[in-house]
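What follows is one structure encoded as structure tokens, with my remarks underneath.
The values are calculated or read from the model by the stated rules, or taken from the named source; none is laboratory data. Keep in mind it's a predicted model, so treat the numbers as computed, not measured. Note that each Cβ is placed from the backbone with ideal geometry, even for glycine, and that neighbours are counted across all protein chains shown. SASA here: full protein model, heavy atoms, side chains in, ligands and nucleic acids out. Shrake-Rupley method; radii C 1.70, N 1.55, O 1.52, S 1.80 Å.
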Amino acid sequence: MSGLYTILRPLLFALPPEAAHALTLAALRPLNRCPPRADDPALGIDLWGLHFANPIGMAAGFDKNAKVPAALRALGFGFVEVGAVTPRPQAGNPRPRLFRLTADRALINRLGFNNEGLARIAPRLAAAKARGIGPLGVNLGANKDSDDRVADYVTGVEALVSGADFVTVNVSSPNTPGLRSLQARDALADLLDRVLAARDAAPRRVPVLLKIAPDLDSEERQAIAALARESGLDGLVVSNTTLARPEGLGSPRRQEAGGLSGAPLFAPSTALLAEMYRRTEGRLPLIGVGGVMSAADAYAKIRAGASLVQLYTGLVYEGPGLVRRIKRDLSGYLARDGFRSLAEAVGADHR
Ligand SMILES: Cc1cc2nc3c(=O)[nH]c(=O)nc-3n(C[C@H](O)[C@H](O)[C@H](O)COP(=O)(O)O)c2cc1C
């Protein structure tokens, strides 16, 4: 943490977490008019026919309704994933549903896909894209009361073919009962069949990624890697929040129900990332997310196999300056280790 955020953080932390989040979004809105900053060309990377000026993205869940994607690019993020978006608007779970574990630099959330729905969000994305804001990913969710959850993902892909640069099928949120069972082999095979058929039938090809949970057992991890390779999926996002409560959590809130994010998630999510890189033989682009609180953390994800990195909880604890510091130090790490480009460093730990 540094600069202005050492003063701002205590003020934000004096508010309930959701109120602090709403205030942060409101404060960011004026920045929607600002252009993105220039980045060190060594931090650029090309994937799926898109250029990412730097690999540090805003993770899903921060800008659920696509209100501030341009502001997040102006803050220095290389790309933004908005959502989760469900076909119909949804209020989410009763409050309180977001908790700070300050001593652990972590959060627990059980928001439950609160969002304004596709019909409200899709036009905002189209407007952002028309202004050249991007790359812009959209995290897709299913409505809690849906009869056919797979159909909800298909609807999302079809609605966002022109508004999104990539979409992420999120079957790993712990806060919609039963959703994570879509990660089981047969359910996932059916889901990918239908979602990728929608992608392939669309007039424009939108890359489709799958976001997975850190709590999968070995058999599930193996099945997902095999399906990811065979199905023609465009990438994996590793990982979502965890239902586990690692030893050593010191905060009184640690027993709240929901998904844990932040520093305690770094080790398990990075181990899963490395495993998925190995299992897919480095052939599938991976986005590494979970517990990135520093440039060293981001670099570790890249060396473990991430072509792109995302963060959310780090922003809450370290403030917006974190993005600039990560990029500055990442350039230094690449030069120190003799990599001429970011792409050369991806998966370096496996070689
Ligand atoms: C408040 C909150 C809301 C989130 N909402 C979503 C979501 O809608 N969809 C999703 O895929 N992940 C969601 N996530 C998970 C993050 O995208 C990310 O995978 C996770 O927090 C780990 O990254 P972090 O440790 O940098 O926060 C949410 C996380 C938080 C803290």
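Among the residues of segment 305-343, just one is open to solvent by 20 Å² or more (accessible area, probe 1.4 Å) and in contact with a strand residue (DSSP E or B) (Cβ under 6 Å, 6 or more places away or on another chain), namely Ala343. (1) more than 22 Å from Leu43 (Cβ to Cβ); (2) open to solvent by 10 Å² or more (accessible area, probe 1.4 Å): which one isn't true of Ala274, the others all being true? So Ala274 meets the others, but not (1).
Of the residues making up segment 140-167, those that are touching a Lys or Arg at 6+ places or on another chain (Cβ under 6 Å) and closer than 18 Å to Leu111 by Cα number 2. Tallying residues that are over 17 Å from the mean Cα position of the chain (by Cα) and either hydroxyl-bearing (Ser, Thr, Tyr) or within 14 Å of the ligand (Cβ to nearest atom) (or both) within segment 231-242 yields 1. Condition first: of a type outside the set (Lys, Arg) and in contact with an Asp or Glu (Cβ under 7 Å, 6 or more places away or on another chain). Can you find one or more residues in segment 38-50 that meet it? Within segment 38-50 (the criterion being of a type outside the set (Lys, Arg) and in contact with an Asp or Glu (Cβ under 7 Å, 6 or more places away or on another chain)), the answer is yes, since at least one residue qualifies. Out of segment 205-252, which residues are free of Cβ contacts under 8 Å to residues at least 24 places away in the same chain and basic (Lys, Arg)? Passing the criteria: Arg205, Arg245.
Scan segment 13-22 for residues that are over 21 Å from the mean Cα position of the chain (by Cα) and without any contact (Cβ under 8 Å) to a residue 60 or more places away in the chain and the total you get is 3. When the criteria are applied in full, Pro35 fails the requirement of being free of Cβ contacts under 8 Å to residues at least 60 places away in the same chain and within 24 Å of Gly338 (Cα to Cα).
Scanning segment 119-134 for residues that are open to solvent by 20 Å² or more (accessible area, probe 1.4 Å) and either within 14 Å of the ligand (Cβ to nearest atom) or of a type in the set (Ser, Thr, Tyr) (or both) yields no hits at all. Checked against the criterion of being at pLDDT 95 or above and within 12 Å of the ligand (Cβ to nearest atom), segment 220-230 contains not a single residue that satisfies it. The helices (runs of 4 or more DSSP H) falling completely within segment 248-335 that include 2 or more residues that are more than 13 Å from the ligand (Cβ to nearest atom), within 29 Å of Glu219 (Cβ to Cβ) and at pLDDT 95 or above map to 266-279, 295-304. Among the residues of this structure, Val292 counts as one that is in contact with a strand residue (DSSP E or B) (Cβ under 7 Å, 6 or more places away or on another chain) and open to solvent by less than 30 Å² (accessible area, probe 1.4 Å).
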